[in-house]
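Each reported figure results from applying straightforward, stated rules to the coordinates on display, with no laboratory input. For clarity, every value in this text was computed on a predicted model and none was experimentally measured. Here the Cβ positions follow ideal geometry from the backbone for every residue, glycine too, while neighbour counts run over all protein chains shown.
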Amino acid sequence: MKILKWTVIVFAILGVLFFFVISPYIKKQTKKHSPEQTVSYTKNGMDLTVNYSSPSKKNRVIFGELVPYDVVWRTGANEPTTFSTENDIKVAGENLPAGTYSLWTRPNRQSWSIIFNKYIPEWGVSILSGGKETTRIEKEDVIEIEIPTKETIETIENFTINFEMETQLFMSISWDRTLVKIPISK
């Protein structure tokens with residue numbers, strides 16, 4: 001009985017240490033390599049913000065290797081990317097109500113699925129899966145759209161999300177030699 005009591009105490013202490021010390025330390029260390037970025041667009045009756053972590057290419061093959069094809073990706077590093085809109089908008093013609101969403105993608109060679117999800121988990125991947133499985137809850141998806149990819153002329157070293165105004169507003173996602181431009185309208 002004494003051994004069981006001490007075993008429970010040791011596991012409780014280890015659990016507390018992991019939750020309050022080790023886990024925050026690991027998260028802080030990963031953010032050094034993939035710094036947090038924020039991009040906003042406030043014009044034409046729209047108020048949009050994207051928060052994401054920006055990993056670097058570092059001479060790696062990104063799409064198809066580091067980020068596998070046909071698998072849902074957290075779209076950046078660390079926590080999942082979040083997309084906030086103060087107004088109801090249309091994303092590639094699909095209605096997206098005002099709110100904050102986690103942004104997930106399913107990259108492919110020719111196109112990407114762009115997924116806006118109501119649930120925003122604390123971290124983008126499951127630690128128990130070794131980072132191979134996302135923490136997205138599929139039933140919380142609000143919209144999923146398919147957007148064709150474009151190949152860039154130059155290599156983009158850091159994962160980047162921007163808003164670009166051309167004939168209409170686009171949210172662009174770019175990294176390595178891949179560019180995805182998602183049309184947004186009111």
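A compact table of results
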{"item": "Segment 65-186, relative contact order in percent, only Cα pairs under 8 angstrom and at least six apart counted", "result": "22 percent"}
{"item": "Label point at Val142 placed 7 Å out along Cα→Cβ; residues across segment 39-62 whose backbone nitrogen lies under 18 Å", "result": "39-43, 45-52"}
{"item": "Arg109-Met165 pseudo-label distance in nm [points 7 Å out on the Cα-to-Cβ vector]", "result": "3.8 nm"}
{"item": "Loop-located GluC sites (Glu not before Pro) in segment 53-97, at most 12 other Cβ atoms within 10 Å (DSSP)", "result": "Glu65"}
{"item": "Order of Phe83, Phe116, Phe170 under a 10 Å beta carbon neighbour criterion, fewest first", "result": "Phe170, Phe116, Phe83"}
{"item": "Order of Lys181, Lys139 - criterion: other Cβ atoms within 10 Å of each residue's Cβ, fewest first", "result": "Lys139, Lys181"}
{"item": "For Trp112, distant residues with modelled amide H under 5 Å away", "result": "Ile147, Thr149"}
{"item": "Length added when fully stretched, Ala92-Lys186, from 0.36 nm per residue minus Cα-Cα", "result": "32.8 nm"}
{"item": "Exposure proxy order (Cβ contacts within 10 Å, fewest to most) of Tyr41, Tyr52, Tyr69", "result": "Tyr69, Tyr41, Tyr52"}
{"item": "Gained length - Thr155 relative to Leu66, 0.36 nm times residue gap less alpha-carbon distance", "result": "30.5 nm"}
